[in-house]
Amino acid sequence: MTSKAFTGRASFMARILCLLILLNLLALDLSGAAARVRSISSDVGAGTGQYPAGPAAMCKDHPRIRKILLNLKPAIKDGPIGANPVPGNRLTKRDMVMQMLELGISLDPPADKQDAVKTPTDKNDTVNTPTNQQEAAETPANEEVPVLTQKDLSRVYKHKDEKVVYLTFDDGPTSSCTPLILDILAEENVKATFFLIGSQAKRYPGLVRRQYAEGHGIGNHSYTHAFKKIYSDTEYFMEELYRTEKLLQSILGTDKRFRLMRFPGGSYGERLAPFRERAKEGGFIYIDWNCQTGDAESSKPRTPEELIDRFMETAKGKNSLVVLMHDSPGKKTTVEALPAIIRYLKEEGYRFELLPGSRGT
């Protein structure tokens, strides 16, 4: 074969090969996206790997994958979405959607005009969004949601004409207490706000996703809860808050900001004045409490009866209650006392609410 003939044949084969590759890419488009999404499942809780910020960052970098998820969301019929690159592992539409939900990836549409669709708003979400066409017309599309201020948050203590209670749990999540508390809240049909320690959230990302999926609030409670570290320097304190916020965004697959926080030990005293000011400068708002069960007042565990008595003592005569409890290890009696506390609040006519900002902003 002559050199010229060989070159012509090679060129023809190259064109055929390129065409086959193009067709193959088109055929594998959807399944390829699915495979890439599956590959991040180990990164969701740990916040490591190719996408350290979790699914939200992956979807942001690859908007085509986000569009695919949106198109699949209403699908109710099973059926292959294309040949999977991994032999013997074919995904259905339902498989893919369920995998996204398990990973905590938000299927909500992006805010741009091209992909925007009308979706219902969580009734417990504190972000104010238009609820009908008239309100939507009156709200400019590019208008930012008003920032929640410390003054706004302080109003939770000032209900006069109605009784309102905000149940809060600090220092979790933990495998021993948090699931039991969530079960009780679900049975009683009430919501609570959980102030999470970052290191615990990293250890139990599934519980964080469950809390948020069941409509509860999420607050920032530092990353280590180590007093000597976090209160040694204001900038180190802020690093822990930002680190925890980033972790929560990764676990929940959202870019919402979680700026509601509670100081470990409370924000009281002149010593913490610089920390309070720095937190406000950094865009955070903080809340303490005006009612408690006393489950952290003693190193010795208190009985359920003692916790209920302490709760009754600190709740007396108040229309607004921000109740401090804990779901940290060893708080078994808190779990045991919780149903009686909730029943008492219902009998007294209290309305259960989430703390403002606890669903992210």
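The values are calculated or read from the model by the stated rules, or taken from the named source; none is laboratory data. No experiment lies behind these values; they were computed from the predicted model shown. As a convention, Cβ positions derive from the backbone with ideal geometry for all residues, glycine included, and neighbour counts pool all protein chains shown.
A compact table of results
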quantity	calculated
Yes/no for E336 being touching a helix residue (DSSP H, G or I) at 6+ places or on another chain (Cβ under 8 Å), assigned to a loop (DSSP other than H, G, I, E, B), of a type outside the set (A, V, I, L, M, F, W, C) and in the same structural domain as S154 (by TED's automatic domain parsing)	no
Search result, residues across the range 295-354 that are of a type in the set (D, E, K, R), more than 29 Å from the chain's Cα centre (by Cα) and within 18 Å of T193 (Cβ to Cβ)	K318
Residue in the range 178-187 that is over 16 Å from the mean Cα position of the chain (by Cα) and among the charged types (D, E, K, R) present	yes
Breaking point among (1) assigned by TED's automatic domain parsing to the domain that holds T174; (2) in a loop (DSSP other than H, G, I, E, B), for R359	(1)
Residue count, the range 306-317 (criterion: in contact (Cβ under 8 Å) with a residue 12 or more places away in the chain and either surrounded by fewer than 19 Cβ atoms within 10 Å (Cβ to Cβ) or of a type in the set (S, T, Y) (or both))	4
Residue count for the range 312-361, restricted to those that are touching a Lys or Arg at 6+ places or on another chain (Cβ under 8 Å) and modelled with pLDDT under 95	1
The range 159-209, residues that are basic (K, R) and free of Cβ contacts under 8 Å to residues at least 60 places away in the same chain	R203
Some residue of the range 204-218 being modelled with pLDDT of 95 or more and under 17 Å from G283 (Cβ atoms)	yes
